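Take a look at the structure below.
The values are calculated or read from the model by the stated rules, or taken from the named source; none is laboratory data. The model shown is predicted, which means the values in this text are computed figures rather than measured ones. Here Cβ is always computed from backbone atoms with ideal geometry, including for glycine, and neighbour counts include all displayed protein chains. The protein model used for the area step is the full one, side chains on, heavy atoms only, and it has no ligands, DNA or RNA in it. Shrake-Rupley method; radii C 1.70, N 1.55, O 1.52, S 1.80 Å.
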Amino acid sequence: MADAKVIPFDDDRSRARRRPSRAEGEAAAVRALPAPARPPEPPEPVTAPAAAEEVPKAPAGNGWERRLASGLAFLRRRVTGEYEVDEFGYDEELTDQVLMSLLRPVFEKYFRVEVKGVENIPAEGGALVVANHSGTLPLDGLMMQVAVHDHHPAGRHLRLLAADLVFVLPVVNELARKAGHTLACAEDAERLLRAGEIVGVMPEGFKGIGKPFGERYKLQRFGRGGFVSTALRAGVPIVPCSIVGAEEIYPMIGNAKTLARLLGFPYFPLTPTFPWLGPLGMVPLPTKWTIQFGEPIATGDHPPEAAEDPMLMFNLTDQVREQIQHTLYKLLVQRRSVFF
């Protein structure tokens with residue numbers, strides 16, 4: 001199988017390939033150049049209309065034919081390597097046509113995610129989306145990615161920062177790279193932001209995703225404010241994001257720490273269904289989700305050296321954390337039921 005073409009991340013072509021709409025498999029529209037002016041031709045002679053001529057109809061199943069042709073063309077590009085990835089391994093075509101298509105039914109039908117305030121993410125340029133993290137398994141990050149991909153008016157893509165554990169797991173590593181995830185380090189995050197990408201980070205990390213069920217919707221520590229420093233250096237706004245519904249998909253009632261150490265995991269969850277029901281216990285509960293993107297917090301007014309000011313970083317980190325926590329409480333009060 002031929003290798004895919006690697007596009008430098010700051011190449012203008014990566015910016016020009018944004019998806020204009022949610023429709024899949026459609027080629028980007030090409031604007032035709034204006035044709036040179038020609039002298040007007042004499043009008044055609046008027047003739048009597050032909051008797052009982054029928055307009056030919058499009059063959060039945062034409063839509064399926066187009067889909068089949070598009071699918072075959074997609075497979076040919078994958079086999080021959082005629083597709084592009086950026087230097088981080090992000091494969092936009094595979095993400096749009098395959099990965100999002102697999103996640104979309106879970107988003108729309110299973111978790112029935114309601115998206116609010118997505119217009120707070122800028123239509124162009126970089127931005128850092130900061131969200132709470134929960135749910136034992138990181139499904140909240142994937143659902144947030146679908147929310148931006150499908151609901152943002154400009155059809156933007158969210159590039160998630162992931163822990164190093166993601167990139168040592170077989171299969172998961174490759175899929176994460178293809179979906180646009182990259183290692184959660186300041187250098188990669190700043191490069192993505194300066195290139196005009198929307199970057200997602202969940203500062204709670206494993207402390208948030210692995211917290212017990214009794215501490216649900218209580219934000220853990222946001223680290224040392226490294227994400228604020230990155231946003232200040234790149235001069236991009238910070239968009240707080242609050243996710244309700246993920247805490248209950250795997251109610252974590254215990255943690256087998258010894259088994260977690262043996263397997264090299266940060267925790268080994270015990271839930272009402274896992275591991276007691278085996279693989280069936282890994283099916284998440286069908287909770288009702290809400291993802292709300294808050295008002296952006298501007299950082300462009302601060303000079304570049306502000307990224308070295310620990311007091312400013314502490315204040316901005318606390319402001320983002322408080323805004324997310326306040327929105328979580330507000331959404332919980334408005335929620336009628338965990339499942340409806």
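Go through the stretch 301-312 residue by residue and turn each phi into a ³J(HN,Hα) via Karplus (6.51, -1.76, 1.60, θ = phi - 60°); whole Hz please, and just put x for glycine and proline.
Computed from phi, the couplings for the stretch 301-312 are 6, 8, x, x, 5, 5, 5, 9, 8, x, 5, 5 Hz.
Report, in whole Å, the centroid distance computed from the Cα atoms of the stretch 192-211 and the stretch 292-340.
Comparing the Cα centres of the stretch 192-211 and the stretch 292-340, I get a distance of 13 Å.
Leaving out ligands and nucleic acids, note down the accessible area per residue over the stretch 69-155 with a 1.4 angstrom probe, in whole Å².
38
Round to a whole number: what % of the accessible area of the stretch 90-154 belongs to carbon and sulfur, probe 1.4 Å?
61
Enumerate the amide H contacts of G200 below 5 Å, restricted to partners 5 or more residues apart or on another chain; note that Pro and chain-start residues carry no placed amide H.
Answer set, sorted by chain and number: V129, R159, L160, L161.
Over 30 Å between Cα atoms: which of K116/K257; K257/K330; K109/K178 fall into that group?
Over 30 Å apart, Cα to Cα: K116/K257; K257/K330.
At R0 = 45 Å, how high is the FRET efficiency between F206 and E82 if r is their beta carbon distance? Nearest 0.05 is fine.
0.70
Please list 3J(HN,Hα) in residue order for the stretch 285-299, calculated via the Karplus relation 6.51 cos²θ - 1.76 cosθ + 1.60 where θ = phi - 60°; whole Hz, with x for glycine and proline.
6, x, 6, 8, 9, 9, 10, 10, 9, x, 4, x, 9, 6, 10
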